[in-house]
C-alpha cells in the first residue's frame, strides 16, 4: 500500500486545518477542506489562505486531481471555486449533500434557482466509493451525525475525518445542527475506530484544551480508542448520546455558520447577484 505525503495549512481565525495530500510516486495531489478568508464585520472576502496552498502546489510542481470537502462546513467558507479556477481538479463531497441543501435551501429561502441535487459538485461520493490520486487509492466512509453528508476519506494509512473527531483531549463533533444526530455520530465514529490502530487521523479543526497551548492536527486510531474523552473504548452509545446531547445544549452557534452554510451548500460559490449587481448573504432572524 502506498501512503500519502500530507501537508497541513492552518487558518487560526477559524481553527481550520486544510490539507494537500500527495502521491509520493507522481505529481498528483488533492486539496481537502480549503478556506476562503472572510471578514464578517466588513462583508469582505480574501484568498490569502487559498493562495498559500496554491503557492505550495506550484512550488512542488503538483497536479491537482481532487478538491474535496469532508462536509458542508459551518465555521468557514470554502475556497473550492477559486482553487478549481487556478489549479483545476474535480470537486467532491458526500452524496447526502442533497439533504443539507434541502434543509438550508429552506432556511435561507434560496428559491427555485438553487439546485438541491448536488450538481454544484463534480462528484457525489457514496459509502465504499473508490477514487484515485495518481497511484494512491482513496476510499470513502460515510460518517454522518455532525451533518448528514459527512465523509471520512481513507487514503493509504491516512484518514481525513472532518469534524467527526477532534483531538482525544477535546472529544467529538457537536450534533445539534439541523440533520445532526448523536447516536448516528457514535456509530460513524465506530467505523473510524475500526480502522487499523496505526492509521493517521487528520482533523479539520483543533480548539486546544485547557491542558495545552499548541494546535494539533494529527492523531491516530489507537490514540482515539484509548484516550478520546467522549468515545474511548468502553463508552456505550447511550452514555455518549447523553454526554453529547447535554454538552450541545450549552453551546452557542458558530460565529460564521450563517454565511458559511449558504455559501458551502453551493460548493463555495456565492449566491447570485441581485438586480443591482451586488451579492448579498442572508441573516434569518430569530430562527435558530
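The values are calculated or read from the model by the stated rules, or taken from the named source; none is laboratory data. Given the structure is predicted, the values throughout are model-derived calculations rather than measurements. Methodologically, a virtual Cβ is constructed for each residue, glycine included, from the backbone with ideal geometry; neighbour enumeration extends over all protein chains shown.
A few points about this structure:
- Filtered residue count, the range 209-231, keeping only those that are part of a loop (DSSP other than H, G, I, E, B) and surrounded by 15 or more Cβ atoms within 10 Å (Cβ to Cβ): 7
- Any chance residue 93 is surrounded by 15 or more Cβ atoms within 10 Å (Cβ to Cβ), under 26 Å from residue 24 (Cα atoms) and touching a strand residue (DSSP E or B) at 6+ places or on another chain (Cβ under 9 Å): yes
- Total residues in the range 240-266, condition over 25 Å from residue 110 (Cβ atoms) and buried (at least 17 other Cβ atoms within 10 Å of the Cβ): 4
- Taken over the range 160-181, the criterion of being touching a helix residue (DSSP H, G or I) at 6+ places or on another chain (Cβ under 7 Å) and crowded, with 24+ Cβ neighbours inside 10 Å is satisfied by 161, 164, 165, 172, 173.
- Qualifying residue in the range 10-32 (condition: surrounded by 22 or more Cβ atoms within 10 Å (Cβ to Cβ) and under 14 Å from residue 267 (Cβ atoms)): yes
- Any chance residue 149 is farther than 17 Å from residue 196 by Cα and touching a strand residue (DSSP E or B) at 6+ places or on another chain (Cβ under 8 Å): yes
- Residue match in the range 74-95 (condition: touching a helix residue (DSSP H, G or I) at 6+ places or on another chain (Cβ under 7 Å), outside any loop (DSSP other than H, G, I, E, B) and farther than 30 Å from residue 61 by Cβ): no
- The range 181-208 - residue that is in contact with a strand residue (DSSP E or B) (Cβ under 8 Å, 6 or more places away or on another chain) and part of a loop (DSSP other than H, G, I, E, B) and, of those, farthest from residue 31 (Cα to Cα): 197
- Scanning the range 261-271 turns up one or more residues that are part of a loop (DSSP other than H, G, I, E, B), in contact with a strand residue (DSSP E or B) (Cβ under 8 Å, 6 or more places away or on another chain), within 30 Å of residue 287 (Cα to Cα) and at pLDDT 95 or above.
- Scan the range 104-141 for residues that are on the phi > 0 side of the Ramachandran plot and either assigned to a strand (DSSP E or B) or loosely packed, with under 14 Cβ neighbours inside 10 Å (or both) and the total you get is 3.
- Put simply, of 130, 189 the only residue that is over 24 Å from residue 84 (Cα atoms), out of contact with any helix residue (DSSP H, G or I) (no Cβ under 7 Å at 6 or more places or on another chain) and without any contact (Cβ under 8 Å) to a residue 60 or more places away in the chain is 189.
- Residues that are outside any helix (DSSP H, G or I) and under 21 Å from the mean Cα position of the chain (by Cα), drawn from the range 236-260: 251, 252, 253, 254, 255, 256
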